[in-house]
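Below is one structure; the comments refer to it alone.
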Protein chains: 2
Amino acid sequence: MSKSVVIEVTRGPVVESRHEGIAAVVRPDGAVVASWGDIDSLILPRSANKPIQAMAFVESGAVERFGLGNEHIALACASHSGERRHVETVQAWLAKVGLSEADLECGTHAPRLQGTIEELARAGRMPTAAFNNCSGKHSGFLTTAVQYGEPTKDYIKYNHPVQRRLREVMTDLCGTDANSFPYGTDGCGIPTLATPLKSLARAMASMAEPSRLSNKHAEAASRIRTAMNAEPFMMAGTGRFCTRINAALPGVAQIKTGAEGVFCGMLPTLGLGVAIKMWDGAGRAAEVAMASLLDHLGVLPAGQREEIVHPPVKNVVGLLVGEMRPAKSWLG
Amino acid sequence: MSKSVVIEVTRGPVVESRHEGIAAVVRPDGAVVASWGDIDSLILPRSANKPIQAMAFVESGAVERFGLGNEHIALACASHSGERRHVETVQAWLAKVGLSEADLECGTHAPRLQGTIEELARAGRMPTAAFNNCSGKHSGFLTTAVQYGEPTKDYIKYNHPVQRRLREVMTDLCGTDANSFPYGTDGCGIPTLATPLKSLARAMASMAEPSRLSNKHAEAASRIRTAMNAEPFMMAGTGRFCTRINAALPGVAQIKTGAEGVFCGMLPTLGLGVAIKMWDGAGRAAEVAMASLLDHLGVLPAGQREEIVHPPVKNVVGLLVGEMRPAKSWLG
């Protein structure tokens, strides 16, 4: 086992905080190109595997039947900020398939941006299930159930056909039986499967370079990659890391964050998949770790390298007080 | 060096995330009663040393001169949520000393609670500097400058008399020259001194059991402890850990959180001080670590032990999906 992923947070002359994690860079055949820490560890991918979970939706034919497009595929892969375009697109999508927000089983939480919260308050409105960061993924689940003529109720349960299909796809992509994975309940209510980090990275590699997959899987993976780059705003939202990177690297990288410090990425030009888990669950560190790996692998746009890999730490009045960075002990 | 502080976050059958840190339990003479990790490490106390920073304010005589009370002393020690009572008390306090929010140099950020953000938006108002979680501390700084006839401008600068006094008090309480500490800039603009964790715990012990201090210091420490328990809402706000614990343990514990995973506490009945730093900066873990130490030291109220030491992890719809807990490797 090699050294860990380490991200430092400085303030003035001091390293104030540090984050440790694990990372794997893997080929579609499972060969490990690079790794840090114990990549056999079971981790919960949380939302980082939404691109994998979107496969069955895209494969179902529902995109064509209901006249859906890249924005909907990207939303199915997204943890969005609940901004107006996200919410309205989800609402219109559900209407297209004969459903509504009442069918979403993901629950309701506040939108991410203070501005959206204020906008709702000024209008005397409350957030609805469409504001949930997972509402696009859930709309994909519901749409797939409609497409196959299955009951939509309880589509979040482990044994519903929607969830069973996710495990079948996961098994095909990562080369390990996902039905054997232990699981917890995700924030949005669906099972989140405890997956070896290495297998998660392999699933990403399979989507990045799908020549080993069935035609159906390969075509879906290609469409998902295209949608993630084509609709980066739908992947996350204003100012978000996933939006910035997926916008900056069309055809080169498709990345997705997950709760509790997870990050996944497809690198089709290199034929590689990447998976990262920061042990402490810190999203800020997972972002810097993903940025650092993209830089390490040579795919970051030159003009944006410094700011992406060393994001500033600012205080309340906007003064630069420190930075985040990969530790020398990791990639130095 | 003994084993680390370790806090686990579970989800279903899996430990999803884990946090590591250091902790020291120290007597006023500096004797270490218990420690985990390298407690000579330099850490930035951030807001966890606000009770120490309130000493010079209380010692100045300004409390009597301006008719201030426990609520103001607690606010000087607080990282408050910017709720109505916090904000209005700060505004009235500044008026009493002939100043206003315009004199605060802490900057403005959004209040902590979504409800407060919504309330402001509905009223068409913007948050002001009084909403800054540090506005009580800064009001204490300004009041002390007024009391001593010093210029109030630039009271956040390292060489302003206000900041110099903080370092004098810190030196007296922790037994090490605080003028020699490196420093960064805190979120609210003041210097935050890189302090050995052991020294921070000793300063807490000196305030908990101040018989070794000067009468002036001892009296101020006693008044600050009283205020922290008497006005726990002013210490933080609705639902906050500092508010709950300071309310639940009058005369027994006075605790204060700081950004980036720091926690400090005074335990006067035991004559001890406690300081904790979680390396990853996670506040959720620092809370569970403080709860675990309070339990370990036998001072938690029996009826509340379970919920305080093992807080539930719930998902969006409120389902119990996991818990946080001290790892067996730490206190098991």
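Give me a count of the residues in region A:137-162 that are within 15 Å of A:Arg46 (Cβ to Cβ) and not basic (Lys, Arg). Walk me through how you get there before you give the answer.
Here is the first cut: in region A:137-162, the residues within 15 Å of A:Arg46 (Cβ to Cβ) are A:137-138, A:156.
This time we only want the ones that are not basic (Lys, Arg), so: A:138, A:156.
Summing the residues that are within 15 Å of A:Arg46 (Cβ to Cβ) and not basic (Lys, Arg) in region A:137-162 gives 2.
Looking only at region A:224-242, which residues are on the phi < 0 side of the Ramachandran plot and either surrounded by fewer than 20 Cβ atoms within 10 Å (Cβ to Cβ) or not aliphatic (A, V, I, L, M) (or both)? Quick ask: steps written out before the conclusion?
Filtering region A:224-242 down to residues on the phi < 0 side of the Ramachandran plot leaves A:224-236, A:238, A:240-242.
Of everything in region A:224-242, those that are on the phi < 0 side of the Ramachandran plot and either surrounded by fewer than 20 Cβ atoms within 10 Å (Cβ to Cβ) or not aliphatic (A, V, I, L, M) (or both) turn out to be A:Arg225, A:Thr226, A:Asn229, A:Ala230, A:Glu231, A:Pro232, A:Phe233, A:Thr238, A:Arg240, A:Phe241, A:Cys242.
Would a scan of region B:114-121 turn up a residue that is away from every other protein chain (no Cβ under 14 Å), free of Cβ contacts under 8 Å to residues at least 24 places away in the same chain, open to solvent by 50 Å² or more (accessible area, probe 1.4 Å) and part of a helix (DSSP H, G or I)?
Of region B:114-121, the ones away from every other protein chain (no Cβ under 14 Å) are none.
No, region B:114-121 contains no residue that is away from every other protein chain (no Cβ under 14 Å), free of Cβ contacts under 8 Å to residues at least 24 places away in the same chain, open to solvent by 50 Å² or more (accessible area, probe 1.4 Å) and part of a helix (DSSP H, G or I).
I'd like to know if region A:18-29 contains one or more residues that are acidic (Asp, Glu) and farther than 20 Å from A:Val262 by Cβ.
Here is the first cut: in region A:18-29, the ones acidic (Asp, Glu) are A:20, A:29.
Narrowing further to those that are farther than 20 Å from A:Val262 by Cβ: A:29.
Checked region A:18-29: at least one residue is acidic (Asp, Glu) and farther than 20 Å from A:Val262 by Cβ.
Going residue by residue through region A:145-156, is there one that turns out to be within 13 Å of chain B (Cβ to nearest Cβ), in contact with an Asp or Glu (Cβ under 6 Å, 6 or more places away or on another chain) and at pLDDT 95 or above? Walk me through how you get there before you give the answer.
Step one: list which residues in region A:145-156 are within 13 Å of chain B (Cβ to nearest Cβ), which gives A:156.
So of that shortlist, the ones also in contact with an Asp or Glu (Cβ under 6 Å, 6 or more places away or on another chain) come out as A:156.
Subset that is at pLDDT 95 or above: A:156.
Yes, the conditions are met somewhere in region A:145-156.
Quick test of your reading of the structure: B:Thr195 fulfils all but one of (1) touching a strand residue (DSSP E or B) at 6+ places or on another chain (Cβ under 7 Å); (2) within 14 Å of chain A (Cβ to nearest Cβ); (3) in contact (Cβ under 8 Å) with a residue 12 or more places away in the chain; (4) open to solvent by 10 Å² or more (accessible area, probe 1.4 Å). Name the failing condition by number.
(4)
For A:Ser329, only one of the following conditions fails: (1) modelled with pLDDT of 95 or more; (2) out of contact with any Leu (no Cβ under 9 Å at 6 or more places or on another chain). What is its number?
Failing condition for A:Ser329: (1).
Residues checked against (1) surrounded by fewer than 24 Cβ atoms within 10 Å (Cβ to Cβ); (2) at positive phi:
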residue	(1), (2)
B:Pro28	yes, no
B:Gly37	yes, yes
B:Ser41	yes, no
B:Ala48	no, no
B:Phe57	no, no
B:His72	no, no
B:Leu75	no, no
B:His80	no, no
B:Arg84	yes, no
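Give me the pairs, please: first residue somewhere in region B:165-182 and of a type in the set (S, T, N, Q), second residue anywhere and in a helix (DSSP H, G or I), beta-carbon distance under 6 Å, and either six or more positions apart or on two chains.
B:Thr171/B:Ala178; B:Thr176/B:Ser199; B:Asn179/B:Arg167
Applying the selection to region B:293-313, what residues are surrounded by 24 or more Cβ atoms within 10 Å (Cβ to Cβ) and in contact (Cβ under 8 Å) with a residue 60 or more places away in the chain? Spell out the reasoning first.
Taking region B:293-313 first, the residues surrounded by 24 or more Cβ atoms within 10 Å (Cβ to Cβ) are B:293-294.
Once the filter is applied, which keeps residues that are surrounded by 24 or more Cβ atoms within 10 Å (Cβ to Cβ) and in contact (Cβ under 8 Å) with a residue 60 or more places away in the chain, region B:293-313 yields only B:Leu293.
Looking only at region A:140-164, count every residue that is open to solvent by 20 Å² or more (accessible area, probe 1.4 Å) and either in contact with a Leu (Cβ under 6 Å, 6 or more places away or on another chain) or touching a residue at least 60 places away in the same chain (Cβ under 8 Å) (or both) and tell me the total. Spell out how you get there, then give the answer.
Initially, region A:140-164 is screened for residues open to solvent by 20 Å² or more (accessible area, probe 1.4 Å), giving A:146-154, A:156-159, A:161, A:164.
This time we only want the ones that are either in contact with a Leu (Cβ under 6 Å, 6 or more places away or on another chain) or touching a residue at least 60 places away in the same chain (Cβ under 8 Å) (or both), so: A:146-148, A:152.
Result for region A:140-164: 4.
Among the residues of region A:96-113, which ones are in contact (Cβ under 8 Å) with a residue 40 or more places away in the chain and either in a loop (DSSP other than H, G, I, E, B) or under 13 Å from B:Ile117 (Cα atoms) (or both)? Steps first, please.
Initial filter on region A:96-113 (in contact (Cβ under 8 Å) with a residue 40 or more places away in the chain): A:97-99, A:103, A:105-107, A:112-113.
Listed by number, the residues that qualify are A:Val97, A:Gly98, A:Leu99, A:Glu105, A:Cys106, A:Gly107, A:Arg112, A:Leu113.
Suppose the filter is in contact with a helix residue (DSSP H, G or I) (Cβ under 9 Å, 6 or more places away or on another chain), within 14 Å of another protein chain (Cβ to nearest Cβ) and either assigned to a loop (DSSP other than H, G, I, E, B) or open to solvent by 30 Å² or more (accessible area, probe 1.4 Å) (or both); does B:Glu323 pass it?
Working: in contact with a helix residue (DSSP H, G or I) (Cβ under 9 Å, 6 or more places away or on another chain): no; within 14 Å of another protein chain (Cβ to nearest Cβ): yes; either assigned to a loop (DSSP other than H, G, I, E, B) or open to solvent by 30 Å² or more (accessible area, probe 1.4 Å) (or both): yes.
Spelling it out, it is not the case that B:Glu323 is in contact with a helix residue (DSSP H, G or I) (Cβ under 9 Å, 6 or more places away or on another chain), within 14 Å of another protein chain (Cβ to nearest Cβ) and either assigned to a loop (DSSP other than H, G, I, E, B) or open to solvent by 30 Å² or more (accessible area, probe 1.4 Å) (or both).
Of the residues in region A:243-258, how many are away from chain B (no Cβ under 14 Å) and crowded, with 24+ Cβ neighbours inside 10 Å?
Restricting attention to region A:243-258, the residues satisfying the condition of being away from chain B (no Cβ under 14 Å) are A:243-257.
Filter once more, keeping what is crowded, with 24+ Cβ neighbours inside 10 Å: A:245-246, A:253-257.
Number satisfying all stated conditions: 7.
Would you mind stating whether A:Pro182 is open to solvent by 10 Å² or more (accessible area, probe 1.4 Å) and either more than 22 Å from B:Asn315 (Cα to Cα) or out of contact with any helix residue (DSSP H, G or I) (no Cβ under 9 Å at 6 or more places or on another chain) (or both)? Write out each step before concluding.
On the way: open to solvent by 10 Å² or more (accessible area, probe 1.4 Å): yes; either more than 22 Å from B:Asn315 (Cα to Cα) or out of contact with any helix residue (DSSP H, G or I) (no Cβ under 9 Å at 6 or more places or on another chain) (or both): yes.
Yes: the conditions hold for A:Pro182.
Quick check: anything in region B:259-272 of a type outside the set (Val, Ile, Thr), within 14 Å of another protein chain (Cβ to nearest Cβ), closer than 18 Å to B:Ala76 by Cα and open to solvent by 10 Å² or more (accessible area, probe 1.4 Å)?
So far as region B:259-272 goes, yes, one or more of its residues are of a type outside the set (Val, Ile, Thr), within 14 Å of another protein chain (Cβ to nearest Cβ), closer than 18 Å to B:Ala76 by Cα and open to solvent by 10 Å² or more (accessible area, probe 1.4 Å).
For residues that are more than 22 Å from B:Ala24 (Cα to Cα) and in a helix (DSSP H, G or I), tally how many sit in region B:199-217. Working first, answer last.
Narrowing region B:199-217 to residues more than 22 Å from B:Ala24 (Cα to Cα): B:214-217.
This time we only want the ones that are in a helix (DSSP H, G or I), so: B:215-217.
Number of matching residues: 3.
Being buried (at least 24 other Cβ atoms within 10 Å of the Cβ), under 13 Å from the mean Cα position of the chain (by Cα) and under 16 Å from B:Cys264 (Cα atoms): is that true of B:Ala221 here? Before you say what the answer is, go through the steps one by one.
Numbers: buried (at least 24 other Cβ atoms within 10 Å of the Cβ): yes; under 13 Å from the mean Cα position of the chain (by Cα): no; under 16 Å from B:Cys264 (Cα atoms): yes.
No.
How many residues are of a type in the set (D, E, K, R) and either open to solvent by 50 Å² or more (accessible area, probe 1.4 Å) or within 11 Å of chain A (Cβ to nearest Cβ) (or both) when one looks only at region B:86-102?
Taking region B:86-102 as the starting set, the residues that turn out to be of a type in the set (D, E, K, R) are B:88, B:96, B:101.
Imposing the further condition that a residue be either open to solvent by 50 Å² or more (accessible area, probe 1.4 Å) or within 11 Å of chain A (Cβ to nearest Cβ) (or both) reduces the set to B:88, B:96.
The number of residues fulfilling the criteria is 2.
Does B:Thr10 satisfy the criteria of being in a strand (DSSP E or B) and of a type in the set (S, T, N, Q)?
Working: in a strand (DSSP E or B): yes; of a type in the set (S, T, N, Q): yes.
Considered against the rule, which asks whether it is in a strand (DSSP E or B) and of a type in the set (S, T, N, Q), B:Thr10 comes out as yes.
Taking the stated definitions as given, is B:Lys314 within 24 Å of A:Ser17 (Cβ to Cβ) and among the charged types (D, E, K, R)?
Values: within 24 Å of A:Ser17 (Cβ to Cβ): no; among the charged types (D, E, K, R): yes.
Considered against the rule, which asks whether it is within 24 Å of A:Ser17 (Cβ to Cβ) and among the charged types (D, E, K, R), B:Lys314 comes out as no.
Out of all the residues in region A:122-139, which are under 18 Å from A:Ala76 (Cβ atoms) and either within 10 Å of chain B (Cβ to nearest Cβ) or surrounded by fewer than 17 Cβ atoms within 10 Å (Cβ to Cβ) (or both)?
Step one: of region A:122-139, the residues under 18 Å from A:Ala76 (Cβ atoms) are A:129-139.
If the condition is that a residue be under 18 Å from A:Ala76 (Cβ atoms) and either within 10 Å of chain B (Cβ to nearest Cβ) or surrounded by fewer than 17 Cβ atoms within 10 Å (Cβ to Cβ) (or both), then A:Ala129, A:Asn132, A:Asn133, A:Cys134 are the ones that fit.
The values are calculated or read from the model by the stated rules, or taken from the named source; none is laboratory data. The shown structure was predicted, so the numbers you read here are calculated from the model rather than taken from an experiment. Neighbour counts run over all protein chains shown; Cβ positions are idealised from the backbone, glycine included. Side chains are part of the model used for accessible areas, which takes the heavy atoms of the whole protein and leaves out ligands, DNA and RNA. Shrake-Rupley method; radii C 1.70, N 1.55, O 1.52, S 1.80 Å.
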